[in-house]
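The structure appears right after this line, and notes come after that.
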Amino acid sequence: ITVDPSSAKGAKIDDMMYGVFFEDINRAADGGLYAELVQNRSFEYSTADNGSYTPLTSWTVGGTAQVVDDSGRLNERNRNYLSLGAGSTVTNAGYNTGVRVEQGKTYDFSVWARAQGGTTLTVTLKDTAGTLATARQVAVKGGWAQYKATFTATRTSNRGRLAVASTNAAALDMVSLFPRDTYKNQPNGLRKDLAEKIAALKPGFVRFPGGCLVNTGSMEDYSEASGWQRKRSYQWKDTVGPVEERATNANFWGYNQSYGLGYYEYFRLSEDIGAMPLPVVPALVTGCGQNKATDDGALLERHIQDTLDLIEFANGPATSTWGKVRARMGHPKPFHLTHIEVGNEENLPKEFFARFQQFRAAVEAKYPDVTVISNSGPDDAGSTFDTAWQLNREAKVDMVDEHYYNSPNWFLQNNDRYDSYDRNGPKVFLGEYASQGNAWKNGLSEAAFMTGLERNADVVKLASYAPLLANEDYVQWRPDMIWFNNRASWNSANYEVQKLFMTNVGDRVVPSKATTTPNVSGPITGAVGLSTWATSAAYDDVKVTSADGSTLLSDDFSGDASKWTGSGRGSWSIQDGSYVQTDAATENTMVTAGDPAWKDYDLHVKATKKSGK
Ligand code: AHR
């Protein structure tokens, strides 16, 4: 490679070029980045969110209790509450294996309660081995009010349970337990280890809250007029204000979203990590397989107004209507929003673009300094992508979002993708991309591809890997950048690549010339196709050893081939199509992979073929 450092012809690289894309997928919010430890805290889980849910999901009742939706409710947006009988107890199981508490750390309990005749609530934290903190008693009397208590954990446990017992009949709602130790000690804050991993990337921007999460579902708001619409699209106004007044909703990815982590918290996170906030609003067309365009003019007007209101919420003075809401939540100063995206991965380019233009005109008229980002649809759609780009080019749109998820070889072979992009056309926001896997070869292929993004930094202005987070027990999408459960989090190879680029953003591209071109035509080899033989009845006596010769796993395959464990370091198992290695002593997951065929280990496999097969 020849490098000419005296040449100043290379593109300027913006400091904010590399960012992160946060979507509430794989339970990235509740049970993830949002530090709340109680699952289904307001008894709002519903079969509309997920067929297996009831309002008592994650709760067990000792005695009598029922979830009620009547005029005695906490408020119109938080409709269910628990009517707990005298002498009864409810216990919450948290997320994953339970409520995680660490010895010596402080936990803030709160509950909204009502007991006309008065009652005493006894709140305990325990696991099967016993008490995890000194029990607290809370005296409740009269109508709805919030009560608080503080715990200090006397022992560490991943399997805690939070129990609330009541001497007399009581109504309960918003039963909450938060670690005091949140990221930057913010109230209603973020889980520290996850937020720190995101912050360590030094992202230039945070795209939020989705993804398909945004442009699907009914576009109606949460109101009686809409029949208390549950599968409504993600709308920012649902997610701000006091947490007990944020109506929960069905999440596109098949669970419930409490909106405890909402727009205010996303803006605050962006500010706390020094990143530009980049919200995505629905465009009144539903993509992600739904392919419907809404023709309701009044609804479109409302969404356009909501978008203007969002900019006021972010940037307006504390005296403005929406700036006042922000100020009341604790942030009188503006959040400095400069970019906003309308729509996500739209499959109907013409319908999308007609609506996009109306959003764009309204925003540009009121906020000429805000960049309105458009869409190009899914890249694999061919003509959809081309049509969308043509429309965006003709209308001289500032920036267009592209998404693609492809094989590692595709990323190697398409390093030159942006070399031929029109230098006078819209800039590119690569809002979502990943090679299909979390193995080293995936990270490597993404790194190679990113050199092409950087070389074209005059065209590619923003880029973010996707998705960002995955709770290993609730996975809808693989691969993901950061993995976690209720007690630990760990980085993928892809994370390390992103971190390398994001923490070393250059000022300017220095032109270079390669004298030979690496051969990228063949597949990258080295993946152990564990899934193939793990489910095969063709082999006996399978043994997996690591490079140093130690046995990681062995099995004679005489038992159930779909659920087997082996010996070696910790235990190995195949669960629901996932390949997981757990450390036997700590229970921490060491390695996880969704599709074993994509996992790349330095392993050696020895198997004896069964005779006659
Ligand atoms: O990143 C996961 C999903 O991929 C996003 O929700 C969507 O935009 C894309 O299809």
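The values are calculated or read from the model by the stated rules, or taken from the named source; none is laboratory data. Note that the coordinates shown come from a computational prediction; the quantities given were computed from them, not determined experimentally. Here Cβ is always computed from backbone atoms with ideal geometry, including for glycine, and neighbour counts include all displayed protein chains.
Some values worked out for this structure:
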{"item": "Odd one out for Leu500, checked against (1) in a loop (DSSP other than H, G, I, E, B); (2) free of Cβ contacts under 8 Å to residues at least 60 places away in the same chain", "result": "(1)"}
{"item": "Enumeration of residues in the range 313-357 that are more than 16 Å from the ligand (Cβ to nearest atom), of a type outside the set (A, V, I, L, M, F, W, C) and assigned to a loop (DSSP other than H, G, I, E, B)", "result": "Gly316, Pro317, Thr319, Ser320, Gly330, His331, Pro332, Lys333, Pro334, His336, Thr338"}
{"item": "Residue in the range 266-276 that is aliphatic (A, V, I, L, M), more than 16 Å from the ligand (Cβ to nearest atom) and closer than 21 Å to Val111 by Cα present", "result": "no"}
{"item": "Hits in the range 376-397 (condition: touching a His at 6+ places or on another chain (Cβ under 9 Å) and either outside any helix (DSSP H, G or I) or away from the ligand (no atom under 14 Å from the Cβ) (or both))", "result": "Ser376, Gly377, Pro378"}
{"item": "The range 444-467 residues that are under 10 Å from Asp416 (Cα atoms) and part of a helix (DSSP H, G or I), paired with ones that are away from the ligand (no atom under 16 Å from the Cβ) and among the basic types (Lys, Arg) (beta carbon under 7 Å, 6 or more apart)", "result": "Gly452/Arg417"}
{"item": "Residues located in the range 206-232, provided they are more than 10 Å from the ligand (Cβ to nearest atom) and aliphatic (A, V, I, L, M)", "result": "Val206, Met219, Ala225"}
{"item": "Qualifying residue in the range 225-245 (condition: assigned to a helix (DSSP H, G or I) and at pLDDT below 95)", "result": "yes"}
{"item": "Flag for Tyr405 being within 16 Å of the ligand (Cβ to nearest atom), among the aromatic types (Phe, Trp, Tyr) and in contact (Cβ under 8 Å) with a residue 24 or more places away in the chain", "result": "yes"}
{"item": "Sole exception among (1) assigned to a loop (DSSP other than H, G, I, E, B); (2) touching a Pro at 6+ places or on another chain (Cβ under 9 Å) for Asp369, by number", "result": "(2)"}
{"item": "Out of Gln290, Gln305, sole residue that is polar (S, T, N, Q) and assigned to a helix (DSSP H, G or I)", "result": "Gln305"}
{"item": "Qualifying positions in the range 474-484 - in contact with a Phe, Trp or Tyr (Cβ under 8 Å, 6 or more places away or on another chain) and away from the ligand (no atom under 11 Å from the Cβ)", "result": "Tyr474, Ile482, Trp483, Phe484"}
